[in-house]
Structures are given as C-alpha cells and as structure tokens.
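The values are calculated or read from the model by the stated rules, or taken from the named source; none is laboratory data. Predicted model only: the values in this text are computed from it and were never measured. Cβ atoms come from the backbone with ideal geometry, glycine included; neighbour counts cover every protein chain shown.
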C-alpha cells in the first residue's frame with residue numbers, strides 16, 4: 001500500500017493541528033524574548049513538527065525500514081497507525097500500543113516536562129520583573145529547569161513514536177541546550193557576580209541532588 005494513500009497517513013491537517021497545539025502550549029509557558037530563547041524554542045519546534053509530519057503525514061522512517069520490517073515481521077501492515085509505534089512492533093508487544101506501559105510512561109514524561117516548563121517560566125518571569133536571581137521553585141533544585149522540561153517532552157515523544165529524523169535531532173538538541181546553558185551562566189555571572197557564583201556552587205546544573213551533603 002502506498003503510504004500517501006494509506007488512511008493512517010497523508011493527514012496533513014492533523015500535522016498542522018497537533019503541531020500547533022503543542023507549540024502554542026509551549027510558547028505560552030516560555031514566552032521567548034532573547035535570541036537565545038528563540039533559538040531554544042525554534043529547535044524544539046523543529047523536533048515537534050518533524051515528529052508529527054511522520055506520525056500523520058508521510059512515514060519516512062517506516063518507508064525506509066519497510067524492507068527490514070516486512071522481512072522481520074511478516075504479515076504486519078507496516079503503514080497502519082498501530083505499527084507506527086515502532087518500539088511495540090520491534091519488541092513484539094501485543095495489544096493496543098496506546099495502552100502499553102511505554103506509552104503511558106511517555107505521557108507522564110511529556111506532562112512532567114510541560115509542568116516543569118510552566119513552573120519555571122512563572123518563577124523566571126517574576127525574577128526578571130524584579131531584576132533578581134531566579135532561585136525559587138524548580139530553580140531551587142537545578143539551574144536550567146526549562147531545558148530539562150524540553151528534554152523530558154522530547155524523550156516522551158521518542159518513546160511514543162521514534163523516527164530516524166527525531167532520533168538524530170535529539171542528541172543535537174541536547175548538545176545545543178548544554179551550550180545555551182553555558183552561555184546563559186556566563187551572562188548571569190557577569191550581571192550578578194558573587195550571588196550567582198554562590199548559586200552555581202550550591203545548585204546542580206541539570207539533575208537535582210538526591211541526598212544532602
């Protein structure tokens with residue numbers, strides 16, 4: 001079956017709607033202002049659009065892997081939406097993929113990511129208005145919670161619907177966020193000096209402390 005003519009794909013309206021929903025939701029909590037903010041949001045946007053383009057538009061990954069998939073799993077309809085959940089197909093998990101533990105866990109990761117982004121933006125916005133350091137809420141645990149939130153959302157999406165393009169993009173985006181975090185810290189150190197240095201000394205960058213020292 002031609003993937004473009006498959007009822008599971010060629011749904012570009014769904015690509016636009018789903019991309020818009022997630023990007024508007026993310027934008028409402030990040031409100032990018034600086035070039036660095038826009039760079040971070042744009043990279044995340046590219047990931048989301050690439051994901052939904054394959055989920056509902058054209059299944060490039062499945063198309064490229066079609067030979068291997070049909071040989072490895074004879075009898076499957078590779079262009080059905082169900083088989084698009086490649087982890088379930090590869091590991092031969094039976095049942096509705098939307099009810100699998102991996103899909104449920106991915107939903108939790110996506111929700112947690114957006115919650116962290118939302119809570120972080122509220123703290124950061126208040127701090128910027130007062131021209132003080134953001135050290136409350138998620139910022140009390142880690143220095144870059146919004147980047148961590150974006151990464152959690154992307155991990156959740158990759159657990160639901162892995163594609164070759166998003167799998168390649170993911171480590172690139174991780175490297176970009178690490179670079180942006182270093183640039184941000186340098187700028188904040190120049191602006192706030194010793195107070196920010198103290199914050200750097202006691203607050204982990206991306207992963208909260210699991211025990212008191």
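Got at least one residue in segment 106-113 being in contact (Cβ under 8 Å) with a residue 12 or more places away in the chain, under 18 Å from residue 32 (Cβ atoms) and assigned to a helix (DSSP H, G or I)?
Scanning segment 106-113 turns up at least one residue that is in contact (Cβ under 8 Å) with a residue 12 or more places away in the chain, under 18 Å from residue 32 (Cβ atoms) and assigned to a helix (DSSP H, G or I).
Can you pull out the helices (runs of 4 or more DSSP H) entirely within segment 1-79 that have at least 2 residues that are closer than 21 Å to residue 97 by Cα and touching a residue at least 60 places away in the same chain (Cβ under 8 Å)?
Working: elements: 12-30, 35-52, 60-64, 66-72.
Where helices (runs of 4 or more DSSP H) fall fully within segment 1-79 and carry at least 2 residues being closer than 21 Å to residue 97 by Cα and touching a residue at least 60 places away in the same chain (Cβ under 8 Å), they are 35-52, 60-64.
Being surrounded by 20 or more Cβ atoms within 10 Å (Cβ to Cβ), on the phi < 0 side of the Ramachandran plot and assigned to a helix (DSSP H, G or I) narrows it down to one of 155, 116, so name that one.
Working: 155 fails: surrounded by 20 or more Cβ atoms within 10 Å (Cβ to Cβ).
Result of the check over 155, 116: 116.
Taking residue 107, is it on the phi > 0 side of the Ramachandran plot and either out of contact with any strand residue (DSSP E or B) (no Cβ under 6 Å at 6 or more places or on another chain) or surrounded by 20 or more Cβ atoms within 10 Å (Cβ to Cβ) (or both)?
Values: on the phi > 0 side of the Ramachandran plot: no; either out of contact with any strand residue (DSSP E or B) (no Cβ under 6 Å at 6 or more places or on another chain) or surrounded by 20 or more Cβ atoms within 10 Å (Cβ to Cβ) (or both): yes.
No; evaluated as a whole, the condition is false for this residue.
If residue 62 meets every condition in (1) at pLDDT 85 or above; (2) more than 30 Å from residue 188 (Cα to Cα); (3) surrounded by fewer than 19 Cβ atoms within 10 Å (Cβ to Cβ); (4) more than 20 Å from the chain's Cα centre (by Cα) apart from one, which number is that one?
(3)
Could you tell me which of the residues 189, 99 is free of Cβ contacts under 8 Å to residues at least 12 places away in the same chain, farther than 26 Å from residue 46 by Cα and surrounded by 14 or more Cβ atoms within 10 Å (Cβ to Cβ)? Give the steps one after another, and end with the answer.
On the way: 99 fails: surrounded by 14 or more Cβ atoms within 10 Å (Cβ to Cβ).
So the residue among 189, 99 that is free of Cβ contacts under 8 Å to residues at least 12 places away in the same chain, farther than 26 Å from residue 46 by Cα and surrounded by 14 or more Cβ atoms within 10 Å (Cβ to Cβ) is 189.
If you go through segment 127-144, how many residues are closer than 15 Å to residue 207 by Cα and not in a loop (DSSP other than H, G, I, E, B)?
So the answer is 4.
Residue-wise test of (1) within 23 Å of residue 35 (Cα to Cα); (2) modelled with pLDDT under 95; (3) assigned to a helix (DSSP H, G or I); (4) within 14 Å of the chain's Cα centre (by Cα).
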residue	(1), (2), (3), (4)
125	yes, yes, yes, no
146	yes, yes, yes, yes
173	yes, yes, yes, yes
180	yes, yes, yes, no
184	yes, yes, yes, no
187	yes, yes, yes, no
201	no, yes, yes, no
207	no, yes, no, no
212	no, yes, no, no
